[in-house]
Structure formats: C-alpha cells, structure tokens
1. Using a Förster distance of 41 Å, how high is the FRET efficiency between N279 and E423, based on the Cβ-Cβ distance and rounded to 0.05?
2. Looking at the range 607-676, which chymotrypsin sites (Phe, Trp or Tyr not before Pro) are in a loop (DSSP not H, G, I, E or B) and have at most 12 other Cβ atoms within 10 Å?
3. Taking a ≥ b ≥ c as the square roots of the Cα gyration tensor eigenvalues, with a/c under 1.5 meaning rounded and otherwise prolate when a/b beats b/c, else oblate, which class fits the range 534-676?
4. Is the chain best put as rounded, prolate or oblate by its Cα gyration tensor, with a ≥ b ≥ c the root eigenvalues, rounded for a/c under 1.5, and otherwise prolate when a/b is larger than b/c, oblate when not?
5. Amide H neighbours of I223 under 5 Å, at least 5 residues apart or on other chains, H built in the peptide plane: list them.
6. Please compute the length gained on full extension between C457 and D309, using 0.36 nm multiplied by the number of residues separating them and subtracting their Cα-Cα distance.
7. If you keep only loop residues by DSSP, which trypsin sites (Lys or Arg not before Pro) in the range 583-674 have at most 16 other Cβ atoms within 10 Å of their Cβ?
8. Longer than 20 Å from Cα to Cα, which of K394/K422; K270/K422; K584/K675; K598/K621; K83/K358; K570/K641 are they? Say none if no pair is.
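What follows is calculated from the coordinates using simple rules that are stated; it is not laboratory data. As the structure is a prediction and not an experimental result, all values here were calculated from the model. FYI the Cβ positions are ideal-geometry reconstructions off the backbone, even for glycines, and counts take in every protein chain you see.
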Amino acid sequence: MKNTVTILMLCATVFSYAQKSSTERADRLFDRMWYKEAATLYEYEIKKLDKKNDTFSVNSSNDEYERILKRAGDAYFFNTDMKNANRFYDILISNYYSKVESEYIFRYALSLEGIGKFREAKRWMKEFSKRTLNTDDRSDNLNQKEITIEDILNIEPRYILKNVSINTKNSDFGSMYYKDKLVYSSAKDSSNYHTRIYHWNEQPFLDMYIGNLNETESDIKEIGVFSNNLKTRYHEATLAFSPDQKKVYFTRNNYDGNLHRDDKGTNHLKLYSAELRKNNDSLLTWQNVKELPFNSEDYSVGHPTVSSDGKHLYFVSDMPGSIGATDIFVVDILENNTSNQKDSTFTGYSKPRNLGEKVNTAGREMFPYITDDALYFASDGHLGLGGLDVYESKIEDNVFQSPKNLGAPLNSELDDFGFIVKEKENRGFVSSNRPNGKGDDDIYSFVRLPEPEQPPCNQEIRGYVSNTITGERISNVTIALINENGNTIETTSTDISGAFKFNTTLDCSTKYEIKASKTGYSPREKSVLTLDESGETVVALGMETLNELIVEEDGLLKIKIGIIYFDLDKSNIRLNDAAIELNKIVLLMHEYPNMVIKIESHTDSRGSDEYNLNLSDSRAKATRDYIISQGIDANRIKSAKGFGETQLINKCSNGVSCSETEHQRNRRSEFIIVKM
C-alpha cells in the first residue's frame, strides 16, 4: 500500500527550489511527503558523499550522513519500496548499529520481510524486542516467544484470491458492500482535462467508484463515480454505510472549498457523513454532508466501519490518547441525534474510546471492519509477514480477543489491508500491493474455506532443537512437556539429529508448555497450542549457548578462544598474547562459578613422538597453573594433559608433506567443559 489514505497527512505548502542544496530540496520534498522525488535526491547526495569517502565506514561518525541514510530509507519505506528501503537501512544498521534508534531496527526487519528474508527478519525482530523491552508494547508482540514467523508461515491456507477486473496501474483499494454492489477507492485518471497528481506516490487523487458484482461476487464491473456530490479536488476514500444504507460515512481531506491546515502546514484527514435524500428532481442523491464532531484540525480521523446494529462506529485516528502511530477507536451512535451527557460537543455520538492494547500497538492499526463475529483490521505492530497484515480479533462476550494473523496467501510480504467479508457466505474482498498485481494497490476477491467440523481427536508433539546462531541441530537436550496446571507430563531427550517426540497422547486445541535445557545452553521455554485436528504438532525450538565463547563440537562443550602461542620449545605463558586469551577463560569461569574444565594440549607431527608428548603435557600444565594463578580454584580444573601428536585432526602424520596452515590445525589447546 503506497500509503494513499493512511492517517499520515498531506502537506500543501508551496515553496521555491531556487539556490537550495540537493539535501535541503530533498528534506522539503520529504516533509511534503513527495517521497519519490525526495528519494532520488537523497540517493544523489549519498553518492556524492561516497565519492568523497572511499567506504561507508569512513562516515560512521558523520551525523549528517546517518541522517540522510535514514531519510533515504524512509522515503522508500513509506512508499512501500522495500527492496530499496532495505538497501539503505542495511547501510545504516551496518555503520550505526550501536546508536541507531530502535524504530530503525523495526523498519529494517520489516524491509527484510518485504524482500522475503524471513530468517534474517526474525533475528532483527528479536533485537527490536530486546532493545524496547518494557518501553514499547510491540516488544511483547514481536519477541516470538509464543508465536514465531515460522508459525505464521505454517498456518493452513484458507483463502483463494482473485485479482479483480477493475484494477488499474494506480491504487485501487478499500472496497465496501453497498446494497448488491461494491464501492471502492481508486486513483485512476478519470479527468478529461488536467490530471491533479498526489506527489506522495505520483498518482491522481483518490475518488470513490461503484461497480456491479457478478453472480459469485468474485469480480466487479465498474458503473462510474459513486457520488458527484461527495467528490472534491482532493482525496475521498474508505467509507461505510448505516444498516439501512441511507447514511454514509467517508474519509476526506480537510477540505470544504478551501484546504485547511494546522499550525505546521499539515492537512489532516476527517470523517464526514451524508444522507440519501431526494433532490429537486425527486432523485435519490447523497446530501447534507457533515463533519463528524470528533474531527480536529490537529489530528486525523478516517477509515470508518459500522456495526450491524448501527449502534457503533469504528474508525482510525492519531488523536490524543493513541497508543501508537494510528489506533482504532469506537464511538456510540446515539439515537435521535442526542448529545453525550459527559461531552455535549459530540452531538449524535459518544466520546471516542480507544480499543486498548490488546488490539492497538505502538505501530499502525488501520482499515477496521466489524462483523457480528469479529473485528478485522490491518496492522504492522503485531507479528506478521511484512508491512501491513490482516488480523482477526474474535468477539466473545462483547470482548475483543487477542488478534490472530490470517496467514498466507491472504497476507503477503508487503501490505495487505482493507479486508471485508460476508461471514456466512465465506467470501469477501481484500486489498494488497503484493508482487505481480496489475498496478500499485489492487483489490482481490476471495473465497474463504470454511473451518471443518472437528471430530474428537488426539495429538502428539514432536519437534527439533537447533542452535539459533549456527542452525546446527543439538543432541542430548532434555525436553519437558508441562500441562496448564504446571504438572510435568513427560520428559524426553533429543537424539543425535536434534529431534524429539513425546509418547503421550494429548488433547487437540490445548495449550502446553515445552521446556528445553542442556548444560552450557540458556534454557528455553515455548508455549504450544496443539492443532485442532488429529495428527502431530511440530515444534521448532532454538537454543543459544550461555556465552559466545562456549561452543559444542562432536557432542562436547568447549571454550573457544584464540590460539595460545608458546615460544619455540618452551611451555611458559607469554604475557603479551597467550595470557590475554587465557584471561577470557578466567573471566568466563568467574562468571560461572560451578564450571569445571579439563585442558588438553596437542602438537603437530613434526619432532619425535616422545618429545611432542612431553612438550604438550608441559604446556597443558603451564596453562592450568596460569589459570589457577588468576584466582580459579584448582579443583575446578579436572585435568591438564598433553597428547602430543596422538590426536591429529587431519592427514598430517609423520612423513606426510603438509603446509604450515595444515600443521597449525593440529597445534591446539582445547578447554573442555565437564560441568556447568
């Protein structure tokens, strides 16, 4: 979605480019949301800076270079060009990782999703959650402790999509049922004369159109403009109707013949209503256009949807009291145009209420659609596949439940939004700017496959454990299965391939906790909801070693440090290099006071067998003595032994010609963890 009708606003300030630097011109364009032109100028400025400096890293201390990288990435990001956004965010993160704001970690992760790099995106989503713990509610939504990106990718597909006929090369989106027809928003060029361009995305301004649905409601044939009475020179888009279809609520720029702006020169969006009445020729037309009373010159209001009983109007706004960039709010539609007792200024409506943190996040929640069963909306603040995804929040006892991502193919790596559905018929429409569409945003019809009736069923849980850094499977991990009462049902271990399986037969659609533990690794817990049909629930677990110096090789935990260098034929510890590496082990053993190790020293095959055995043993014991001298109890070193050339790790035995590099692999000290 190229953000054509987001709650971001259109700035209508006119300015001159005369005698301005390319950066200043780019900033002016960016502030006006003319992102395509701004991106071109930012790229030009970055190339100029790169010619002055041979590498990007040269600029790592340059605040202006950092700022321009952010702006270039944002110009593409806000126009949903994730490929180019990723290009500049990657440079930004690579050079300014330690100081860059958390929001850019988030945008970088979204850009990675947008180009299909889900594994990398997962890593950066976790980094964002780590950085924003307790400061941003997206942290809990994106930390992937309960639901991961893989879980969303594995959602059983339930939607069959079709690109409809009325889509153009520009933006077409935001469909809504009206009687037996469909109303939608489009930036198609419908002018016979001069076409007015919205410079955010270099497309004509949006208007609302109406079309006939075919018998299966899978395609649309355009009739024309929805209402000339509602059409202005600027944006009209996203609308909703009262249950009797005699009142419409719609989004429009703050325009009544004049384009109004706030003190900063920003033109916000507003919600308007109109009524279906007979005109002087006794024809029914949309008349009596009114602003809704909770609009403002200082914030935006838009994207309406009305409950089936006509008593509640839901909408999107960035008004005071918002949790994030844009939130979903609701007002009561009061009977007989009465006033709210607490606030008489809101004639006909109650005071707006935020739907709260279960639905809204620190990101963007947009395009709500309410049915008797659920609230559907688009968001980039809940865990998704990239950009805006569509979510479903079931309604139980008049309370919205935790949102559920509707999965692919309904959701894609780019923006998916504007979801409407006929619940009983299991069909509807959604908008998306996914690849291979006809233009920018396209409207897709869909058929939703019904959820089958579930007979009594049984489930089994199996899975595997991998190293989150290397991807290698981990054996001998203890896996415990725990029920909702906190009781351990069964304990098992991973096999040599890192796989595990519980033998206990479990209930379907039931929540369990899986705990994984192994010496040298941080323990891992994961909540699992068994599937709702007979079969297996597959659980992927990732574990990390307690410290980056700890690695697992051939089933043994080892401490990996740099090479321990000794003088020729000597075994004393050199203070200028060997001691520095050994101090890493000392620090690690102080950090883990229960750690016990054994030291093994090896040589290459050059020299006599007896000489090499004695030399390696002397070096192992010298290494032990140094570690003890730094305050480590001698009992924590189980053994220190030299093996000479008896355990070569390649072919370089006596008489075999090998390079110095090959011999170096055999000259090694190993620190094996016996106990943690």
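1. On the way: r = 36 Å, r/R0 = 0.87.
With a Förster radius of 41 Å, E is 0.70.
2. Details: sites: Y611, Y626, F643, F671; in loops: F643.
Answer by residue number: there is no such site.
3. On the way: a/c = 2.35, a/b = 1.34, b/c = 1.76.
Oblate.
4. Numbers: a/c = 2.84, a/b = 1.91, b/c = 1.49.
Because a/c hits 1.5 or more and a/b exceeds b/c, the chain counts as prolate.
5. Excluding prolines and chain starts, which carry no amide H, the hits are I210, G211, N212.
6. On the way: separation 148, 0.36 × 148 = 53.28 nm, distance 3.78 nm.
My answer for the length gained is 49.5 nm.
7. Values: sites: K584, K598, R606, R619, K621, R624, R636, K638, K641, K651, R665, R667, R668; in loops: R606, K651, R667.
Filter output for the range 583-674: R606, K651.
8. On the way: K394/K422 15 Å; K270/K422 27 Å; K584/K675 18 Å; K598/K621 11 Å; K83/K358 31 Å; K570/K641 16 Å.
Flagged as over cut-off: K270/K422; K83/K358.
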